[in-house]
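A short reminder: the numbers here are calculations on the coordinates, not readings from a lab. What you see is a predicted model; the values in this text were computed from it and never measured. FYI the Cβ positions are ideal-geometry reconstructions off the backbone, even for glycines, and counts take in every protein chain you see.
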Amino acid sequence: PNEAMLIAVDLGATSGRVIAGTVTANSVELRQTSRFANAPVTIWEGTTPARHWSILDLYRGAIEGLRTAVREAAAANVSVASIGVDSWGVDYGRLSNGRMRDIPYHYRDERTTAGVAAAHALMPHAELYAINGLQHLPINTVYQLMADLEAGNLEGIDSILQIPDLFNYWLTGVQRAETTNASTTGLLDIRTREWSRPLVERLGLPFGMLPQLSTPGETIGSLLPSVTDEIGAASSVPVVSVGSHDTASAVVAIPSTSHDFAYISSGTWSLVGLELDAPVLTEASRKANFTNEAGVDNTVRYLKNVMGMWLLSECLGEWERAGTPQDLVSLLREAETVSGAAVFDVDHPELLPAGPMTRRIAARCDEAGQPIPSTPAEFVRSIVESLAAAYAVHINDACELSGSSVSSIHIVGGGSQNALLCQLTANQTGLPVIAGPVEGTAMGNVLVQARSAGIVSGDVETLRAIVSASTQLTRYEPQR
Ligand code: LRH
C-alpha cells in the first residue's frame with residue numbers, strides 16, 4: 001500500500017455516516033462509503049413513553065460501513081491507518097461489568113425536567129457554571145444522570161460511556177471518556193479539563209462510574225479480533241480519539257487562515273460562537289447562557305446552542321405525516337420571495353421536544369405579536385429569518401462577553417448549503433459569511449487522525465489551512 005485511509009464514523013442526530021479520508025500536507029479528501037438513518041424510537045416505560053436512540057441499529061450501520069470502507073481500501077491497495085468516532089454530545093450508555101444495561105435515552109426525552117430540579121436543589125446553576133462553564137440546557141448529561149439517579153437507573157451501574165466512547169469500547173474493549181465530549185456532560189472542570197470530583201460528589205453521583213479521560217490524538221486501542229473479522233480487515237486497526245463531540249471536530253475543520261472569525265456549525269443544532277484560549281466564567285456570560293466546551297488542542301469552544309435545522313426538519317416531518325410532503329429545495333426557493341416573515345424566539349424551550357412544530361411556532365409568533373405563517377414557504381422563511389436573527393444576536397454577545405472582535409463568519413455543516421440562511425446571516429450580522437465544508441465534522445475527525453498517524457503535523461491552524469486549500473467555499477457578502 002502506498003497511501004493511507006483514515007476512517008471517520010460520524011453519527012448525527014438524523015443520520016450516521018462512514019467516511020473514508022485521505023490526507024496529504026495540503027489536501028484532505030473525503031468519500032462517503034455509507035450512510036444510514038438514525039431513527040429514534042419511543043417506547044412505553046410503565047408510566048410514560050420514553051424516547052431512546054436505536055443504538056444497535058447505529059452500531060450495525062457503523063460496522064457495515066467499516067466493512068465497506070475496508071473492502072474499498074483493499075481494492076485500491078491502500079492501508080487503513082486508523083478509525084475515529086464522533087457523534088452528538090451529552091447522551092450515554094450505562095454499563096455494568098462491561099455490558100450495556102438498558103437503551104441509551106435520547107436527549108429530547110422529557111425526563112430531564114426532573115433532573116434539572118434535582119441537580120439545582122443540590123447545586124445552584126451559578127455554582128455549577130463556576131466549575132463546568134456549561135450553558136444551562138436540560139439535555140446536559142448531568143441533568144440526565146440526576147434523573148437516572150432519582151429513578152434508580154444507576155443501580156448496579158459501574159460505568160457510563162458517551163456515544164462515541166461506547167462505540168470505541170465495542171470496537172476495542174477499552175473504556176475511555178474523550179475530553180471534548182466529556183465537556184458536554186457538565187461533570188468536567190473546564191479549567192483543568194479533569195472530572196470535577198467535588199461537583200460529582202455534591203450531586204451524589206458515583207464518581208467511580210466516570211472512565212479515564214483521553215484527549216484527541218491519543219490511541220485508544222486496536223480493533224478486537226472479533227471486530228477485525230467482522231469487518232473483514234486483514235489485521236487489527238488502531239482506534240484513535242478524535243474531537244469525538246461532533247461540534248469539536250467541526251470547529252477543527254473551519255477553513256479560516258486568520259483567528260478573528262465566528263463560526264456556526266449548522267446541523268440539527270446550530271452551534272454559534274468563537275474559539276477562545278481560555279473559558280469565560282463571568283456572571284454575565286452565565287446569564288447570557290454561553291457555554292465553554294473543550295475544543296481540540298486545549299482550545300475553548302465558547303458558544304451557544306441555537307435550535308437549528310431541527311425546526312425545519314420537524315416541520316417537514318409534520319407535513320409528510322399529514323400527507324402533504326414538501327421538497328425542501330423548492331420550499332427554500334419559494335421562501336426567497338416571501339416578505340414580512342415573522343421573527344420568533346427560536347430558542348424557546350417548548351421547541352426542544354419532538355411534537356407539533358408548526359403549531360408551536362405559530363404560538364411563538366402570536367406571542368411576539370408577529371404575523372402567523374400560513375403556507376409551508378412562509379414557515380420556512382420565518383424559521384430561516386429567525387435563525388439568522390438569533391445568530392446575529394449571539395455572535396455579537398459572544399464578542400462582547402469575551403472581549404473579542406470578528407471580521408467574518410464561517411458556516412460549516414449541512415446548513416452551509418442553505419443559501420437563504422447564509423445570505424440572511426450575512427445581512428443580519430453585516431459580516432461576510434463563508435460557507436463550507438458541508439462535511440466539516442468528518443473532515444475534522446479525519447484530520448486529527450491524520451496528525452496522530454504522522455501524515456501531517458502542526459496545530460489546529462495548520463489543519464485549517466489544509467481544509468481551506470482543498471475545499472470549495474461560497475462567500476456571501478452582506479446586502480442591505
Ligand atoms: C450537535 C450537538 C451539540 C449538542 C447536541 C446534543 O450535534 O452535539 O453540540 O449540544 O448535539
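Looking only at the range 305-333, which residues are of a type outside the set (Gly, Ala, Ser) and within 16 Å of the ligand (Cβ to nearest atom)? Scanning the range 305-333 gives 305, 306, 307, 309, 310, 311, 312, 314.
Of the residues making up the range 310-320, one or more are under 30 Å from residue 463 (Cα atoms) and surrounded by 22 or more Cβ atoms within 10 Å (Cβ to Cβ).
Just one of the listed residues (274, 205, 223, 187) is more than 29 Å from residue 138 (Cβ to Cβ) and buried (at least 20 other Cβ atoms within 10 Å of the Cβ), and it is 223.
Identify, from the list 97, 77, 26, the residue that is out of contact with any helix residue (DSSP H, G or I) (no Cβ under 9 Å at 6 or more places or on another chain), under 19 Å from residue 455 (Cβ atoms) and more than 16 Å from the ligand (Cβ to nearest atom).
Details: 97 fails: under 19 Å from residue 455 (Cβ atoms); 26 fails: out of contact with any helix residue (DSSP H, G or I) (no Cβ under 9 Å at 6 or more places or on another chain).
Criteria check complete, one pass: 77.
For residue 115, state whether it is under 23 Å from the mean Cα position of the chain (by Cα), within 16 Å of the ligand (Cβ to nearest atom) and either part of a strand (DSSP E or B) or on the phi > 0 side of the Ramachandran plot (or both). Can you show your working first?
Values: under 23 Å from the mean Cα position of the chain (by Cα): yes; within 16 Å of the ligand (Cβ to nearest atom): yes; either part of a strand (DSSP E or B) or on the phi > 0 side of the Ramachandran plot (or both): no.
Answer is no for this residue.
Would you confirm, using the coordinates I've provided, whether residue 368 is surrounded by fewer than 21 Cβ atoms within 10 Å (Cβ to Cβ) and without any contact (Cβ under 8 Å) to a residue 24 or more places away in the chain? So residue 368 does not fit the description; no.
Looking at this structure, is residue 33 more than 20 Å from residue 111 (Cβ to Cβ), β-branched (Val, Ile, Thr) and away from the ligand (no atom under 16 Å from the Cβ)?
Here the answer is yes, as residue 33 does meet what is asked.
Which one is nearest to the ligand (Cβ to nearest atom) among residues in the range 143-161 that are under 14 Å from residue 202 (Cα atoms) and out of contact with any helix residue (DSSP H, G or I) (no Cβ under 6 Å at 6 or more places or on another chain)? Spell out the reasoning first.
Of all residues in the range 143-161, those under 14 Å from residue 202 (Cα atoms) come to 143, 145-146, 149.
From what's left, out of contact with any helix residue (DSSP H, G or I) (no Cβ under 6 Å at 6 or more places or on another chain): 145, 149.
Details: 145: 15, 149: 20 Å.
Step by step, filter the range 143-161, then rank; the result is 145.
Evaluate the following for residue 90: is it within 16 Å of the ligand (Cβ to nearest atom), at positive phi and among the β-branched types (Val, Ile, Thr)?
On the way: within 16 Å of the ligand (Cβ to nearest atom): yes; at positive phi: yes; among the β-branched types (Val, Ile, Thr): yes.
It is true that residue 90 is within 16 Å of the ligand (Cβ to nearest atom), at positive phi and among the β-branched types (Val, Ile, Thr).
Here residue 336 fulfils each of the conditions (1) away from the ligand (no atom under 16 Å from the Cβ); (2) free of Cβ contacts under 8 Å to residues at least 60 places away in the same chain; (3) of a type outside the set (Val, Ile, Thr) apart from (2). Given the criteria touching a helix residue (DSSP H, G or I) at 6+ places or on another chain (Cβ under 8 Å), outside any helix (DSSP H, G or I) and β-branched (Val, Ile, Thr), does residue 372 qualify? In short, yes.
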